[in-house]
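The values are calculated or read from the model by the stated rules, or taken from the named source; none is laboratory data. This structure is a prediction, so every number in the text was calculated from the model and none was measured. Virtual Cβ from ideal backbone geometry, glycine too; neighbours counted across all protein chains shown.
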Amino acid sequence: MSLFGDQYEKFRGLLRNDEMIFISASGQPGRFDPTETDLRINDIRLLTEELFDKMIRHFCIELDSRMLTDAMLDELAEIFRKHKGKKELKFRIRDESLQADIPLVASEWQVNPSGDLVRGMEELGLKWSVT
C-alpha cells in the first residue's frame, strides 16, 4: 500500500516497522483513470493488543497438506500452549492433489491472537488471517 500527499501527512506518525495497524478504507473511482478504483484511507489506528482482542473472533491458519508433519504439529502445539486464550482457532488445509480446501475448527485449542502469536506463525512460514 502506498500513501501520498495529505494521507501520508495525516497518518505518518502511525507507520512504523514491525507495528500492526488497523486500516479503514473505501474505494472510489480512480483520480487519473475512472475505470480503476483508488483506495482512500479513512482512518489508521495502531492495533494495540486491546483493540486486536476486541476486534478478533477467530484466528485462522492456512496450511498446505504437505506441511502436516509430526514436527510441524508439535511446533504448532507448543505455540498454542504459549498463547492460550479465548479466540477460536481455525485451520484451512489445502490439498493440491485433491484440489480441496478443507476448513477445520480446533476443538481443543483456543488462542490469544497477539503479535507474538503472529510472529510465531510467520517464523514457521505459515499464512494466517483473523476474522
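I'd like to know if the range 106-120 contains one or more residues that are more than 29 Å from Glu19 (Cβ to Cβ), at pLDDT 90 or above and not hydroxyl-bearing (Ser, Thr, Tyr). Scanning the range 106-120 turns up no residue that is more than 29 Å from Glu19 (Cβ to Cβ), at pLDDT 90 or above and not hydroxyl-bearing (Ser, Thr, Tyr). Within the bounds of the range 45-57, is there any residue that is surrounded by 14 or more Cβ atoms within 10 Å (Cβ to Cβ), at pLDDT 90 or above and among the aromatic types (Phe, Trp, Tyr)? Checked the range 45-57: no residue is surrounded by 14 or more Cβ atoms within 10 Å (Cβ to Cβ), at pLDDT 90 or above and among the aromatic types (Phe, Trp, Tyr).
Against the condition modelled with pLDDT under 75, more than 26 Å from Arg92 (Cα to Cα) and of a type in the set (S, T, N, Q), how does Asn17 come out, does it pass? Yes, satisfied.
The set of residues from the range 83-92 being touching a strand residue (DSSP E or B) at 6+ places or on another chain (Cβ under 6 Å) and part of a strand (DSSP E or B) comprises Gly85, Lys86, Lys87, Glu88, Leu89, Lys90, Phe91, Arg92.
One line per residue, one yes/no per condition, for (1) outside any loop (DSSP other than H, G, I, E, B); (2) among the charged types (D, E, K, R):
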{"residue": "Glu62", "(1), (2)": "yes, yes"}
{"residue": "Ala77", "(1), (2)": "yes, no"}
{"residue": "Arg81", "(1), (2)": "yes, yes"}
{"residue": "Arg94", "(1), (2)": "yes, yes"}
{"residue": "Val105", "(1), (2)": "yes, no"}
{"residue": "Gln110", "(1), (2)": "yes, no"}
{"residue": "Pro113", "(1), (2)": "no, no"}
{"residue": "Val118", "(1), (2)": "yes, no"}
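Is it fair to say Lys82 is basic (Lys, Arg) and under 18 Å from the mean Cα position of the chain (by Cα)? The answer is no for Lys82.
Among the residues making up the range 36-60, none is among the hydroxyl-bearing types (Ser, Thr, Tyr) and in a helix (DSSP H, G or I). If you check Ile102 against the conditions, is it assigned by TED's automatic domain parsing to the domain that holds Glu122, more than 14 Å from Val130 (Cα to Cα), of a type in the set (Val, Ile, Thr) and under 20 Å from the mean Cα position of the chain (by Cα)? So Ile102 fits the description; yes.
The combined condition, being modelled with pLDDT under 85, in contact with a helix residue (DSSP H, G or I) (Cβ under 8 Å, 6 or more places away or on another chain) and either among the basic types (Lys, Arg) or not in a loop (DSSP other than H, G, I, E, B) (or both), is not fulfilled by Ile23.
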